[in-house]
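S.K.: Structure in structure tokens, see below.
Rule-based calculations on the coordinates, nothing more; no lab input. If you're wondering where the values come from, they're calculated on a predicted model, not measured in any experiment. Note: ideal-geometry Cβ built from the backbone for every residue, glycine included; neighbour counts use all protein chains shown.
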């Protein structure tokens with residue numbers, strides 16, 4: 001069974017990152033959640049990044065605010081796909097510092113980046129990555145997307161009433 005790690009720089013990021021956790025659980029994907037600070041616990045971050053693939057992790061979702069080094073640093077250490085979630089934190093510059101810190105990675109160290117506070121999309125993207133090799137997860141993603149379509153059609157019908 002595939003497992004996704006959802007990590008964040010501090011507990012203050014959890015309200016945003018909870019959306020990724022919830023969507024992954026909705027797809028019946030096992031989730032490992034941890035606080036891993038690039039700046040305050042660099043040794044833990046190093047160990048996490050170097051060893052996540054050996055613990056059965058398939059995708060890493062890393063959320064961070066402010067300077068937001070966590071996603072990129074973990075991506076530099078891990079062979080796994082990393083999805084970065086920029087978090088608008090109390091010490092950020094309207095969230096732009098987080099967005100740009102995660103988005104502007106150097107060649108050779110890719111981080112897939114979602115919108116500011118876009119943890120839900122990070123969870124969906126992780127499920128789609130896993131679904132590319134796991135038919136059961138892919139089927140759940142297809143059902144989810146069909147539900148999105150149905151919701152829009154129903155909304156369009158309701159607005160015309």
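S.K.: Could you grab the relative contact order for the chain? Cα pairs under 8 Å, six or more apart, rounded to a whole percent.
M.R.: 23
S.K.: Say each of residue 54 and residue 100 gets a label point 7 Å from the Cα, pointing the same way as Cα to Cβ; how far apart are those two points in nm?
M.R.: Taking the two extended label points, one gets 3.8 nm.
S.K.: What's the angle, to the nearest 10 degrees (0 to 90), between helix 42-51's Cα axis and the longest principal axis of the chain?
M.R.: 60
S.K.: Then there is this: Who wins for biggest fluctuation among 47, 97, 22 in a Gaussian network model of the chain, springs between alpha carbons below 10 Å?
M.R.: 47
S.K.: Using 1/(1 + (r/R0)^6) with R0 = 35 angstrom and r between the beta carbons of residue 47 and residue 93, what's the FRET efficiency to the nearest 0.05?
M.R.: It comes to 0.70.
S.K.: Per residue of the chain, what 222 nm ellipticity follows from adding -39500 (n - 2.57) for every DSSP H run with n ≥ 4, rounded to the nearest 500?
M.R.: Theoretical 222 nm ellipticity from helices: -15000 deg cm²/dmol.
S.K.: Where does each of 77-85, 130-138 land if you order them by average Cβ count within 10 Å, highest first?
M.R.: 77-85, 130-138
S.K.: When Rg/Rh (Cα atoms, Kirkwood Rh) is calculated directly from the model, which label among (i) 1.05; (ii) 1.02; (iii) 0.96 fits?
M.R.: (ii)
S.K.: By how many degrees, between 0 and 90 and to the nearest 10, does the Cα long axis of helix 135-159 differ from the longest principal axis of the chain?
M.R.: Taking the Cα atoms of the chain, the angle to 135-159 is about 50 degrees.
S.K.: Would you mind pulling out the separation of the Cα centroids of segment 118-160 and segment 59-94, in Å?
M.R.: 24
S.K.: Among 32, 154, 43, which comes first, second and so on when ranked by fewest other beta-carbon atoms within 10 Å?
M.R.: 43, 154, 32
S.K.: Checking the a/c ratio against 1.5 first, then a/b against b/c, what shape does the Cα gyration tensor give for segment 117-161?
M.R.: oblate
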